[in-house]
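For reference, the structure is listed below as structure tokens.
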Amino acid sequence: MRSFNSLALRQVRARPLRALLTGAGIVLGVAMVFGVLVLSATIRGTFSDLFDSIYGRTDLVVSGEQGTGSLPASSLRRVRRVRGVAEVSANITNVWTLVDRGGRAKRSASGQLNVAGIDPRAPDLTDADQVAGHRPRHGREIDLQRSWAETNEIRVGDRIRLATPSGVARLRVSGLFQFSTGLDFGGQGFGTLPISVARRLMDKPRVYDEIDVVVAGRGAGATRKVRKRIERVLGRGGKGVQVTTPSSRSADVDRQLQSFDVILLFFAGMALFVGGFLIFNAFNMTVLQRMREIGMLRTLGAKRSMISRTVLQEALLLGLVGIALGLGVGIFLAKGLVALLKALNFPVGGLVVPLAAAVVAVATGVLTTLLGALNPARRAARVAPIQAVLGGAEVREHPTLRRAALGVALVGLGGAGAYWLAAAAHPHTPQVAAGLVGIVGVFLGLSLIVPFLVVPLVRALSWPARRASSVTGRLAADAASSNPKRTGATATALTVGLALVVAFGTIGSSFLGSISSELDRDFARDLTVQPRGFAPGQGPQQSIAKGLRARLARIPEAAVVARERIHFLAELPRPHGATKTQGLIFGFDPGPYSQVDQTELKGASRKAAYRRVARGQVTVGETYAKDAGLKVGDRLVLRGGSGSQRTRVAALVKTVVFGGNTIGMSVQTMRRVYGVTADSQLALKARSKADRPLLDRKVHRIVEHDYPQLVALSNDEFKSKIEDQINQQFGFFNAILGVAVIVSLFGIVNTLTMSVIERRREIGVLRAVGATRWQVRRTIVNESLLIALIGALIGVVVGAGLGWVVFHGVAGAVPGAAYTPPVGTIISVAIAAVILGLLAAVLPARRAARLDVIEALSYE
């Protein structure tokens, strides 16, 4: 019995190559889950450290609703007088960029400085300790976070140049501080300077962005009472003003990150799903290879449960080793994902490795391994003793029609679930679950259908190989089609990763095409000036002070310089009972802006709509209007940190920008309600076509010399920037999907290696009758290419179909969005399939070519 119980270990030792290839799938699958969980914990840890560091002793934070815009300067005095308020500190904030000696703005995250203008006499409520010099007292002094200063080789007493909204400013470093949490905000730094100087440089006169409050009493009850008093004091129950605790702000960020976590975990699950295919295929082939051995064990009295147990023990042994290695690989994967996020300017700090992440990764790894080996174990247990007499000949199984019907049903139901999720304007848990399970169902159904497609696809795809070399091409085709279920399972593993790449490419290319068409149709400008990397909705953004607009307007060749202010709202204003919707608010001067923008309006002429906007009305995106049940003329209440205003809908806007969830208003309305005084973009139009080159040169000269944190973009460059931002976001997820594709590569190698072992005698006969080593290699390479091409072809079709379904679900709520086939992605997938096929064939082809002829002929 002891000898039988050690059989699993002996099997692993006897077939080290197969164990290595099978283990690779487990390693990468577990690494994906662990790496994604570590990444999620790291992001949450970064923002937790941020709130702990910035707010320190703060009990309440007063700001504009959803943290947007500014509060009137009188708010500080009114808050200070509230009973129960012990200490108060107010600030204004902005993002500045370090400028080098050559006058160039540093473009990496380490050049970004989050600056707060503070009253030097106010108490310091942050969790910061002064470690060198002193806090800024007066004039152009600045206190810097020590880690950021050290990264940029800045010392106390140095004079540094920073690109601010008002231009490049020279400031003297008065001191260095550090947070006790050791905050690392993705390389970005923090600094403070006197509020009197900050107001001029940030162009924020007579406002505060935030007021931090320390409550006199202790406990949640005292904090809650003071919070209610502040809301009452700030008018109309604090409508438009947000009074929250730092912990509530942290919880809000956690909720916003939940959707990101779901997407990350879905991709990790896909990698495990592919790994499960690899395990299933590997152990199926192991059972077939050991058919005679298993039959002999049954003849000697081994029970079916004992046979099944030894296969599961072997799987568990490989699983545990793979899980241990996967945890280590997962750390490196998490570091790579963190580096990738930093390259996308997403603030994320040092790795946080929670124990729960390791527990979940281990549990999913064990479960996937056992599930993958379960059916092969059952198959091994059903081997009859007579099989020992018959030998190791493989029993060919043909897929049944019931299998095909089940596969079609799963694909149909899965597609419906994916569409339901995509069509939901505000998906809830059941819709998210249905969508993600639906996508998994599509691939499960696909795994049942693919074996039926293998033979006709092999016949079609092998035609070039058979034409180029009839012998090796035919041998490869026969080998690939001899076992459709095994070939289908191997190809499906590759299909999953490539299909998701194509599906995401379909969605990306469609929205990019829609945005590009909208810009071509609506842009009537020649240049756009904006901060580098400007991306509304992705955290604090740099801004443009009014001084630059006035300066550009004095250029003789400039006919129009129109300003635009763009801010993200986690919750757009909505009628009573309407669902919460996040989106963008746009502020503009109706007169000048109408000359540089030709966006299609509905419900009113352009002239009438802009005249109404000048009087305080708003335009709303069609998607938002449909979702909120708004029509032209309907009433809407705007609430912000500086006030509230009742208004009407002047017109509907047909746009795909931010999914059509937008509200447009005059800059006066935006300032009056939200306290936003700084421009996000400037749109310029030349007096004539002949003046465009000269205007372009003059604007570039001013921006590059005095405002290095800004860029001046032509319409083509502006579109290219948007395309780059979208491609970067999709590229992040494609990088994760790349792991699933790599797992499938090991699956092809495993299948081919087993195929070489099974066909050992056949290869020996071929070599005996004159086949060269090169011909044997070419046969294996052709077979590998066939499997890879089958997986890629099905992946392209399924991915394009899945992308079409998801896009049309989303596009149903976004007027103007049009489907665009992802031609570039399809070409990339085809090239990737050829490369993967060649890579997968290297080891098996080499092994087949090196077989000894005599040994192969005597192999049974």
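The values are calculated or read from the model by the stated rules, or taken from the named source; none is laboratory data. The structure displayed is predicted, hence computed values, not measured ones. Every residue, glycine among them, receives a Cβ derived from its backbone with ideal geometry; neighbour counts consider all protein chains shown. We work out accessible area using only protein heavy atoms, side chains counted, and drop any ligands, DNA or RNA first. Shrake-Rupley method; radii C 1.70, N 1.55, O 1.52, S 1.80 Å.
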Segment 312-340 versus segment 160-223: alpha-carbon centroid distance in Å: 42
Can you work out the base-10 log of I(q)/I(0) for the chain at q = 0.06, 0.07 1/Å, using the Debye formula on its C-alpha atoms alone? -0.51, -0.67
Once the piece of chain linking ILE831 and LYS546 is laid out straight, how much longer is it, given 0.36 nm per residue of separation minus the C-alpha distance between them? 97.5 nm
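Percent relative contact order of the chain, based on C-alpha pairs within less than 8 angstrom and at least six residues apart? List each step's numbers first, then the result.
On the way: 1718 pairs, mean separation 153.2, N = 860.
That works out to 18 percent.
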For a paramagnetic label modelled at 7 Å from the Cα of LEU843 toward its Cβ, which residues of segment 766-795 fall within the zone defined by backbone nitrogen distances under 18 Å? 777, 780-785, 787-788
Angle, helix 823-849 long axis vs. longest principal axis of the chain, Cα atoms, 0 to 90°, nearest 10? 40
Placing +1 at every Lys and Arg Cβ and -1 at every Asp and Glu Cβ, with all other atoms neutral, what dipole size does the chain have around its Cα centre, in debye to the nearest 20? 1000
Over 22 Å between alpha carbons, listed pairs LYS546/LYS654; LYS546/LYS580; LYS580/LYS721; LYS631/LYS654; LYS580/LYS626: LYS546/LYS654; LYS546/LYS580; LYS580/LYS721
Cα centroid separation, segment 569-639 to segment 48-68 (Å): 31
Once phi for every residue in segment 306-318 is put through the Karplus expression 6.51 cos²θ - 1.76 cosθ + 1.60 (θ = phi - 60°), the whole-Hz ³J(HN,Hα) values, with Gly and Pro written as x, are 5, 5, 4, 5, 5, 5, 5, 5, 4, 4, 5, 4, 5
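Tell me which trypsin sites (Lys or Arg not before Pro) from segment 298-327 have a DSSP coil assignment and no more than 15 other beta carbons within 10 Å of their own. Write out the running numbers ahead of the final one.
Details: sites: ARG298, LYS303, ARG304, ARG309; in loops: LYS303.
In loop regions of segment 298-327 (DSSP not H, G, I, E or B), the sparsely surrounded trypsin sites (Lys or Arg not before Pro) are LYS303.
So what is the relative contact order for segment 525-574, in percent, with contacts set as C-alpha pairs under 8 Å and at least six apart? Mind dumping the intermediate values first?
Numbers: 22 pairs, mean separation 15.5, N = 50.
Once normalised by length, the contact order is 31 percent.
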What does the extension gain come out to for VAL360 and SER517, with contour length at 0.36 nm per residue minus their alpha carbon separation? 52.0 nm
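Once you list every other residue whose beta carbon is under 14 Å from the beta carbon of ARG606, what net charge do they have if Lys and Arg are +1 and Asp and Glu are -1? Mind dumping the intermediate values first?
Values: positive: ARG521, LYS602, LYS607, ARG611, ARG612, LYS654; negative: ASP522, ASP597, GLU600.
With Lys, Arg at +1 and Asp, Glu at -1, the neighbours total +3.
Can you tell me which of 769-782, 313-326, 613-626 comes out highest on packing, and rank the rest after it, using the mean Cβ neighbours within 10 Å? Could you put the intermediate results ahead of the total?
Numbers: 769-782: 18.4, 313-326: 21.2, 613-626: 23.3.
Ranked from most to least packed, the peptides come out as 613-626, 313-326, 769-782.
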Taking the Cα atoms of segment 47-193 alone, what are Rg (to one decimal) and Dmax (as a whole number) in Å? 15.6, 53
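Expressed as a whole percentage, what fraction of the accessible surface of the chain belongs to carbon and sulfur atoms when a 1.4 Å probe is rolled over the protein heavy atoms?
On the way: 21190 of 36640 Å².
In the chain, the share of accessible area belonging to carbon and sulfur is 58 percent.
Quick check on the chain: helices-only [θ] at 222 nm, where DSSP H runs of length 4 and up contribute -39,500 (n - 2.57) each and the sum goes over total residues. Nearest 500, please. Can you show the working numbers first?
Values: 28 runs with 504 residues, N = 860.
My calculation for the chain gives -20000 deg cm²/dmol from helical runs alone.
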